[in-house]
Amino acid sequence: MPEALTGLPPTTELSVAGAGKDDTRQFVEACVRQRLENCPYSFYYNRVSWRFERGRLILTGIVPSFYIKQMLQTLLKDIQHVRQLENHVDVVSATGLSSERASHPIQPTQKGLSHE
């Protein structure tokens, strides 16, 4: 990851060639943890969890903005042994969940908008 995006110098990640599944999983999880802890946005990632399964890094949890969600994905996209990144993190602002559409269509009324 470029230094300009994280504000930190690039880190060196060790290779685990010939390692077993558990070693690879532990390696990936250690890389994720290190990147999140050293990121300038680490405070926002306290409510994010992850798991590594068969080459997929699966992210879940909540963050306060789409920008922070995108930065999370950018931060973790190039970890060794991760072939696919699934970002299931929801965006929740102070007004509520932002990453899902309203269950009722918004209809215009004479006095403004209504959820009828």
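Observations on the structure shown:
- Estimated distance in nm for a label pair at ASN87 and ILE58, the labels positioned 7 Å out from Cα along Cα-to-Cβ: 1.8 nm
- For GLY61, nonlocal amide neighbours, meaning residues 5 or more places apart or on other chains whose placed amide H falls under 5 Å from its own, are SER49, ASP90.
- Paramagnetic reach from ARG47 in the stretch 68-85 [backbone N under 13 Å; point 7 Å along Cα→Cβ]: 69
Throughout, read-outs are computed from the coordinates displayed, never taken from laboratory work. Only a predicted model underlies this, so the values are computations on that prediction, with no experimental measurement involved. For neighbour counting, all protein chains shown are included, and Cβ atoms are generated from backbone atoms with ideal geometry for every residue, glycine included.
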